[in-house]
Amino acid sequence: MIEDRVDDALRRVDHIRKQALEAIDAAEDTRALEAVRVHYTGKKSELSKVMALMGTLPPEARPTLGNAVNAAKGQVEQSLQHRSETLHAQELERRLEGERLDVTLPGTVLPHGFEHPLLKSVRQILGIFGQMGYDVREGPEVEWDRYNFELLNIPKDHPARDMQDTFYITRDMLLRTQTSPAQIRVMHSQSPPVRVVVPGFVYRNEAEDASHGDQFYQIEGLCVDTEISLADLKGTLTEVAHRFFGRDRRIRFRPSYFPFTEPSAEMDIECVVCKGAGCRSCGQEGWLELGGSGMVHPHVLEAGGYDPEQVSGFAFGIGPDRYTMMKYGITDLRLFRDDDLRFLRQFN
Amino acid sequence: MRVPLQWLADYVDLDLPTHDLATRMTMLGLKVESIERIGAGWHDVIIGQVTELEPHPTSNKPLNVATVDLGNRTITVVTGAQNVQQGDRVPVVLVGGLLPHGPDGEPMTIAAKPMAGITSEGMLASARELGLSDEHSGIHVLPPDAPLGEGLGRVMGGDVLDIETNPNRPDTLSMIGIAREVAAMTQQQVRLPDLDAPGNDIEWMDEDSIEVRVEAPDLCSRYTALRIEGIEDRESPVWLASRLEAAGMRPISLLVDITNYVMLEYGQPMHAFDARALEGGSIVVRRARAGEVMRTLDGVERALSSDNLVIADDRRAVGIAGVMGGENSEIGPDTTTIVLESATFDGASVRRTAQALSLRTEASSRFEKGLPPEQAVHAARRYLQLLARVLGRTVRVARMADAFVAEPDERSVRMPVRDLQRLSGLPLDREYAADALSSLGFGVEIDDAAVIAHVPYWRRADIFLSADLVEEVVRMAGYDTVPTTLPRTALAPPAPVPSLYWSGVVRERLLANGVSEAVTGTLTSEEGMLRARLDKNGGEPPWDDLVPHAAGVRARDARVEPIRLLNPPTQERDVLRLTLVPQLLDVVARNLKHTEERLAFFEIAHTYFPRPDDLPYERRTLALALSGRRSPRTWLEPDPGPYTFYDVKGLIETLLVSLHITEYRVEPGRWTYLHPGRSAVLRIDGQDVGVFGEVHPRVATTFDIDGFPVQVAELDLDSLFAAASDHRTFSPLPRYPAANRDVAVVVNRDLAADAILATVKNAGDALVESATIFDVYTGHPLPEDKKSVAIEMHLRAADATLTQDEIAGAMERITDALTRDLGAALRE
């Protein structure tokens, strides 16, 4: 009976389908699943054998069986696909679980050098002046006596020379005691208006201790134009100090003496420890000196080739060593020359 | 200048609390450095007199038992001091009293305690215990007129301001000068001593004091001399002695103390000669003679020259003008007649002499600032007045000798109001300025647009120009009244400075690669630099390999010598450095002492090369020093290796990339203190611009560096920056694929890698886009003198994809060239 044979084949297909779906569900890993796939959908699978019966059936019965086989195959393949995704996801999860790290172990150490705090301050201060429109110039550290002193209104045997004990190389050549000679060099090289800062090392023959060294940094400033006043000097240096130290620090200016400025001013900053009341770190004064400044002396303007009747200007000398000590609370200047890594790494 | 306020109050009323007074003086330009409160820590310190003094009867220590009269009662005091004598007046601290400075430096309360059986009812105090000075060798014995029973604080106490004076203001080195400032500040008149006050027992004799001849009129503008007779020297009274002490001077004896007192009061140094010592009846002010020698009051024999001005009698020098008197004319206990000098010497000359003799004195530090001749006479008259008053009897004085060689010109300075306003930024007017100057002692006139100020004699040293007067007016107004503004100057925005820009590029690159910034010092010693030399006694100096060529530093083949200081701070720091490396090695050595982690330092600084008849060439130089492990020990890398030659070379290569310098050569170098096989020189355009390599182990030991090799470099940044460029040009990305091929060859071990790569590139024509060595191997199974080198090549044509035939052809040409030109054997 043809009908019986067809029914028989259809039952077989259904049986294989059920078996396959059970086997797929039972596969524990992708490898087992692959075996299931080969067994039920491969060329030598049961379903393929059922398909081989097709030729023995009359043509009108063939589509019935063909549809059944294809439907079963489709269902098995879909199940295989689904099971495969699940198993892959599980396996990835297991693998990642095994790759868990101790996130508290330190990361790879990348190379990293430390900026020297003194030069860091120098760059910060120069940056502030750059923002305020100042050009940067350089001058020689080994200078003529004439530029370091005489053109700055300090003739030989002037008592003001005692303010700066000098290292001499010859009678006329010395290690500059200040960056101020650069004022003359700048004025010789350009006509007003002028707005420059000149950074560099200066040298004084002084005994070294916690707050004095015989080599230290200085940033000279010079601003000359037709209407420059002491008020401009105060405004400029106050702005720089506020940007460097913070706006909450009070600044004061008081009369002082430098042979190359008139009027002259000393700038003080309120002691950060006692807020001006007087304490040990400021020697009971409440204020700490930040540096000298003043209106460029008419003789110096003349020495630079400028006409003091036409122009006026201010000049100043900023001491980054002191600025750095005050900014970070460093108590011994000599640390700046030791290049101790334990010191250097604190400022980066 | 130490200013006891109790003394200053003689000339001006001081109604302000001391701290406020000090702040106002500081803001006026008289910077108060510190305030000392003498006697603030004294409690129950009384002036007593030792009436009896006996050794302690039982103690075997050197103790004395003193009976001390306190005026209204007598107490017994046990003291260990040996300088006390019967009759001395001394400071006595009563039981329960307080001293500022006990043995531990802290305040101390006195308790009644038995000392070897005798109870001491008080204590005799030293100057240190009283906080007066560091002197603690004995009891601070007081002058005999110290008032018995009086509290010591009432006699010697009071606040003292220590004022930092400016060299342009010799007048502020005097009480009267300070008083003038305070008077102007507080709108008072200063009270000067009345030199014409009646009641002085002075008998003027109808004869000349002494003949004065000024033979060097350029160095002495005025010389006055007074012969004073019928006097005696003795201890100064307590008021005088305690004022001198409070002002920081030690009392010596009356005749000397009054000169010091008047110097502090008027700012005029004086000197008293014993008249007996002056031979020939005249005083000569002259330059010292060549070879002339004189012993000064401090007992030192001084060799003089014609640069020194001396005071002499007819025969010999008796004093160095303005500096110190001579021992030969010193006054002593038996002096009855003195010649008092009050003179005006040239400031520059006194300064030179004091410097040449290394003899800075209170006198010279005043003279060198330039003193007005007017005050010489005031001071002499004041001396006479005080002397007569203290001696309490008539002194006989001969007519003053007054050689007034050069009378100073009166000086008037015109200050246009425009100057005042444009320099200060304050809207001050003529009237304000005139008042301010007038209160400072200037005579003042006003015209349409200016104030004309007549300079008082005591301000002649610092008031010359309009700007000087501006400062006077503005400081009277107060610097804190000046507004804060910013200049409105119209200027082009600042231009970058190439050397600073490139320094920044180099620094950033080094910091990013783990190298820290060091700052050592300019000053070093030649020996210090020569430590970086293989042999103690030989070898070229370490700076000789990198001497600048272009800057005219030296004639060819002449050795460079470091620039020497005439007055070095120490012998270890007497020259300007020619190389940075030795000091950087010291930095490495210092840091190695407390860590052995990664040590990598750079310094950018000048090295200084002498040039004949010119300022030296200051070359911007970069030094590198690397030592220790090349990375820190971590759990990831438990045992990192040391820095090697190729690390320092790599740093230099990355710097060259950042400077965009592509045309350079690295060749074996012979820097004298480097490992002979690990030393290289960097050349640009045939010029040496850098040397680097591994420090010779023997030299490393000299620098106290053991355990790790040290890699160093020194580069001429001026030359590198001259070759640097920010210019870049875009190249189109390749459109056709590259073929990558590796080849390994065995070559002689001493063949330079450069030669292999050059051969590859030449042989491959333009097809070799890049060739890199990725492996170098020596050892088994290669023979001792061979090495294997593996090269990776990227072959590419710009206009087409290379065919297999083209690639094979290129590879054949390359391998042929390697075998033919370099004797290489191909490795399969």
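Given the residues B:Arg633, B:Arg629, which is the only one that is among the charged types (D, E, K, R) and in contact (Cβ under 8 Å) with a residue 60 or more places away in the chain? Show your work before the answer.
Working: B:Arg633 fails: in contact (Cβ under 8 Å) with a residue 60 or more places away in the chain.
The match here is B:Arg629.
State all residues of the stretch B:451-499 that are facing chain A (nearest Cβ under 7 Å), buried (at least 21 other Cβ atoms within 10 Å of the Cβ) and of a type in the set (D, E, K, R); if no residue qualifies, say none.
Residues satisfying the conditions are B:Glu471, B:Arg475.
Residues in the stretch B:615-622: is at least one in contact with a strand residue (DSSP E or B) (Cβ under 6 Å, 6 or more places away or on another chain), among the hydroxyl-bearing types (Ser, Thr, Tyr), closer than 21 Å to B:Val648 by Cα and buried (at least 22 other Cβ atoms within 10 Å of the Cβ)? Steps first, answer last, please.
Restricting attention to the stretch B:615-622, the residues satisfying the condition of being in contact with a strand residue (DSSP E or B) (Cβ under 6 Å, 6 or more places away or on another chain) are B:615-619, B:621-622.
This time we only want the ones that are among the hydroxyl-bearing types (Ser, Thr, Tyr), so: B:617, B:621.
Checking the rest, the ones that are also closer than 21 Å to B:Val648 by Cα come to B:621.
Still in the list and also buried (at least 22 other Cβ atoms within 10 Å of the Cβ): B:621.
Yes, some residue in the stretch B:615-622 is in contact with a strand residue (DSSP E or B) (Cβ under 6 Å, 6 or more places away or on another chain), among the hydroxyl-bearing types (Ser, Thr, Tyr), closer than 21 Å to B:Val648 by Cα and buried (at least 22 other Cβ atoms within 10 Å of the Cβ).
Looking at the stretch A:141-164 only, could you name the residues that are closer than 25 Å to A:Arg322 by Cα, part of a loop (DSSP other than H, G, I, E, B) and facing chain B (nearest Cβ under 9 Å)?
Of everything in the stretch A:141-164, just one residue is closer than 25 Å to A:Arg322 by Cα, part of a loop (DSSP other than H, G, I, E, B) and facing chain B (nearest Cβ under 9 Å), namely A:Glu141.
Name the single residue, out of those in the stretch B:589-634 being within 29 Å of B:Leu656 (Cα to Cα) and among the polar types (S, T, N, Q), that is modelled with the lowest pLDDT.
Let us first name the residues in the stretch B:589-634 that are within 29 Å of B:Leu656 (Cα to Cα), namely B:589, B:591, B:597-610, B:616-632.
Checking which are among the polar types (S, T, N, Q) leaves us with B:591, B:607, B:621, B:627, B:631.
Values: B:Asn591: 93, B:Thr607: 95, B:Thr621: 96, B:Ser627: 95, B:Ser631: 88.
Here the residue is B:Ser631.
Exactly one of these conditions fails for B:Asp816: (1) without any contact (Cβ under 8 Å) to a residue 40 or more places away in the chain; (2) surrounded by fewer than 13 Cβ atoms within 10 Å (Cβ to Cβ). Give me its number.
(1)
List the strands (runs of 3 or more DSSP E) that sit entirely inside the stretch B:1-103 and contain at least 1 residues that are within 14 Å of chain A (Cβ to nearest Cβ).
B:31-38
So which of B:Leu659, B:Leu674, B:Leu655, B:Leu715 ends up being hydrophobic (A, V, I, L, M, F, W, C) and modelled with pLDDT under 95?
Numbers: B:Leu659 fails: modelled with pLDDT under 95; B:Leu655 fails: modelled with pLDDT under 95; B:Leu715 fails: modelled with pLDDT under 95.
Among B:Leu659, B:Leu674, B:Leu655, B:Leu715, only B:Leu674 is hydrophobic (A, V, I, L, M, F, W, C) and modelled with pLDDT under 95.
With (1) over 38 Å from the mean Cα position of the chain (by Cα); (2) of a type in the set (A, V, I, L, M, F, W, C); (3) closer than 22 Å to B:Leu469 by Cβ as the list, and B:Leu420 as the residue in question, which single condition is left unmet?
Among (1) over 38 Å from the mean Cα position of the chain (by Cα); (2) of a type in the set (A, V, I, L, M, F, W, C); (3) closer than 22 Å to B:Leu469 by Cβ, the lone unmet condition for B:Leu420 is (1).
Scanning the stretch B:500-525 for residues that are of a type outside the set (Ser, Thr, Tyr) and either in contact with a His (Cβ under 7 Å, 6 or more places away or on another chain) or assigned to a loop (DSSP other than H, G, I, E, B) (or both), which turns out surrounded by the most Cβ atoms within 10 Å (Cβ to Cβ)?
The first filter runs over the stretch B:500-525 and keeps only residues of a type outside the set (Ser, Thr, Tyr), leaving B:500, B:502, B:504-515, B:517-519, B:521, B:523.
With either in contact with a His (Cβ under 7 Å, 6 or more places away or on another chain) or assigned to a loop (DSSP other than H, G, I, E, B) (or both) added as a condition, the list becomes B:513-515, B:517-519, B:521.
Numbers: B:Asn513: 18, B:Gly514: 20, B:Val515: 23, B:Glu517: 22, B:Ala518: 29, B:Val519: 21, B:Gly521: 15.
Once the filter is applied, the top-ranked residue is B:Ala518.
Regarding the stretch A:97-111, can at least one residue be identified that is free of Cβ contacts under 8 Å to residues at least 60 places away in the same chain and outside any loop (DSSP other than H, G, I, E, B)? So that I can check it myself, show each step before the final result.
To start, the set of residues in the stretch A:97-111 that are free of Cβ contacts under 8 Å to residues at least 60 places away in the same chain comprises A:97-111.
Checking which are outside any loop (DSSP other than H, G, I, E, B) leaves us with A:97-98.
There is at least one residue in the stretch A:97-111 that is free of Cβ contacts under 8 Å to residues at least 60 places away in the same chain and outside any loop (DSSP other than H, G, I, E, B).
Using the structure shown, decide if B:Thr353 is out of contact with any helix residue (DSSP H, G or I) (no Cβ under 6 Å at 6 or more places or on another chain) and in a loop (DSSP other than H, G, I, E, B).
Values: out of contact with any helix residue (DSSP H, G or I) (no Cβ under 6 Å at 6 or more places or on another chain): yes; in a loop (DSSP other than H, G, I, E, B): no.
For B:Thr353, the condition - out of contact with any helix residue (DSSP H, G or I) (no Cβ under 6 Å at 6 or more places or on another chain) and in a loop (DSSP other than H, G, I, E, B) - is not met.
Of B:Ile228, B:Ile283, B:Ile252, which residue is over 30 Å from B:Asp307 (Cα atoms) and part of a strand (DSSP E or B)? Write out each step before concluding.
Numbers: B:Ile283 fails: over 30 Å from B:Asp307 (Cα atoms); B:Ile252 fails: part of a strand (DSSP E or B).
Among B:Ile228, B:Ile283, B:Ile252, only B:Ile228 is over 30 Å from B:Asp307 (Cα atoms) and part of a strand (DSSP E or B).
Any idea how many residues of the stretch B:779-813 are surrounded by 13 or more Cβ atoms within 10 Å (Cβ to Cβ) and in contact with a strand residue (DSSP E or B) (Cβ under 7 Å, 6 or more places away or on another chain)?
Number satisfying all stated conditions: 16.
Among the listed residues B:Asp314, B:Asp334, B:Asp298, which satisfies the condition of being surrounded by fewer than 21 Cβ atoms within 10 Å (Cβ to Cβ), of a type in the set (D, E, K, R) and touching a helix residue (DSSP H, G or I) at 6+ places or on another chain (Cβ under 8 Å)? Talk me through it step by step, then tell me what you get.
Details: B:Asp334 fails: touching a helix residue (DSSP H, G or I) at 6+ places or on another chain (Cβ under 8 Å); B:Asp298 fails: touching a helix residue (DSSP H, G or I) at 6+ places or on another chain (Cβ under 8 Å).
Just a single option satisfies the conditions, and that option is B:Asp314.
Give the number of residues within the stretch B:559-584 that are within 9 Å of another protein chain (Cβ to nearest Cβ) and assigned to a loop (DSSP other than H, G, I, E, B).
Number of matching residues: 6.
For A:Arg195, all conditions in the list (1) closer than 22 Å to B:Lys369 by Cα; (2) basic (Lys, Arg); (3) in contact with a Cys (Cβ under 9 Å, 6 or more places away or on another chain) hold save one; what is the number of the exception?
(1)
Consider B:Ala766 carefully, then state whether it is surrounded by 12 or more Cβ atoms within 10 Å (Cβ to Cβ) and of a type in the set (Gly, Ala, Ser). It would help to see each step written out before you state the result.
Values: surrounded by 12 or more Cβ atoms within 10 Å (Cβ to Cβ): no; of a type in the set (Gly, Ala, Ser): yes.
Here the answer is no, as B:Ala766 does not meet what is asked.
Somewhere in the stretch B:589-597, is a residue more than 8 Å from chain A (Cβ to nearest Cβ), of a type outside the set (D, E, K, R), under 36 Å from the mean Cα position of the chain (by Cα) and surrounded by 13 or more Cβ atoms within 10 Å (Cβ to Cβ)?
The answer is yes, given that some residue of the stretch B:589-597 is more than 8 Å from chain A (Cβ to nearest Cβ), of a type outside the set (D, E, K, R), under 36 Å from the mean Cα position of the chain (by Cα) and surrounded by 13 or more Cβ atoms within 10 Å (Cβ to Cβ).
Take the stretch B:485-496 and flag every residue that is in contact with a strand residue (DSSP E or B) (Cβ under 9 Å, 6 or more places away or on another chain) and polar (S, T, N, Q).
B:Thr489
So A:Asp307 passes all but one of these: (1) in contact (Cβ under 8 Å) with a residue 40 or more places away in the chain; (2) more than 13 Å from chain B (Cβ to nearest Cβ); (3) more than 37 Å from the chain's Cα centre (by Cα). Which condition number does it fail?
Answer for A:Asp307: the failing condition is (1).
Does the stretch A:227-260 hold any residues that are outside any helix (DSSP H, G or I), more than 7 Å from chain B (Cβ to nearest Cβ), out of contact with any Ser or Thr (no Cβ under 7 Å at 6 or more places or on another chain) and touching a residue at least 12 places away in the same chain (Cβ under 8 Å), and which are they?
A:Arg249, A:Arg250, A:Pro259
Which ones in the stretch A:105-140 are closer than 18 Å to A:Arg185 by Cα, in contact with a Lys or Arg (Cβ under 6 Å, 6 or more places away or on another chain) and at the interface with another protein chain (Cβ under 7 Å from one of its Cβ atoms)? Break it down into steps so the answer makes sense when it comes.
Pass one, the stretch A:105-140, residues closer than 18 Å to A:Arg185 by Cα: A:134-140.
Cutting the leftovers down to in contact with a Lys or Arg (Cβ under 6 Å, 6 or more places away or on another chain) gives us A:134, A:139.
Within the stretch A:105-140, just A:Tyr134 meets the criteria.
One residue is enough: does the stretch A:169-179 have a residue meeting the conditions hydroxyl-bearing (Ser, Thr, Tyr), in a loop (DSSP other than H, G, I, E, B), more than 11 Å from chain B (Cβ to nearest Cβ) and within 33 Å of the chain's Cα centre (by Cα)? Walk me through how you get there before you give the answer.
Here is the first cut: in the stretch A:169-179, the residues hydroxyl-bearing (Ser, Thr, Tyr) are A:170, A:177, A:179.
Filter once more, so that each one left must be in a loop (DSSP other than H, G, I, E, B): A:170, A:177, A:179.
Filter again for more than 11 Å from chain B (Cβ to nearest Cβ), leaving A:177, A:179.
Checking which are within 33 Å of the chain's Cα centre (by Cα) leaves us with A:179.
Yes, the stretch A:169-179 contains at least one residue that is hydroxyl-bearing (Ser, Thr, Tyr), in a loop (DSSP other than H, G, I, E, B), more than 11 Å from chain B (Cβ to nearest Cβ) and within 33 Å of the chain's Cα centre (by Cα).
The rows are residues; the columns are (1) under 19 Å from B:Glu203 (Cβ atoms); (2) modelled with pLDDT under 95; (3) part of a helix (DSSP H, G or I).
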position	(1), (2), (3)
B:Ser358	no, yes, no
B:Ala363	no, no, yes
B:His378	no, no, yes
B:Leu387	yes, yes, yes
B:Arg393	yes, yes, no
B:Arg396	yes, yes, no
B:Asp402	no, no, no
B:Pro408	no, yes, no
B:Val413	no, no, no
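For the stretch B:707-716, state whether one or more residues are farther than 25 Å from B:Val519 by Cα, buried (at least 16 other Cβ atoms within 10 Å of the Cβ), more than 14 Å from chain A (Cβ to nearest Cβ) and among the small types (Gly, Ala, Ser).
no
All but one of (1) closer than 25 Å to B:Gly392 by Cβ; (2) at pLDDT 95 or above hold for B:Asp233, so report the exception by its number.
Of (1) closer than 25 Å to B:Gly392 by Cβ; (2) at pLDDT 95 or above, only one is false for B:Asp233: (2).
The values are calculated or read from the model by the stated rules, or taken from the named source; none is laboratory data. Model, not experiment: these values are computed from the prediction. Note that we place each Cβ from the backbone using ideal geometry, even for glycine, and neighbour counts take in every protein chain shown.
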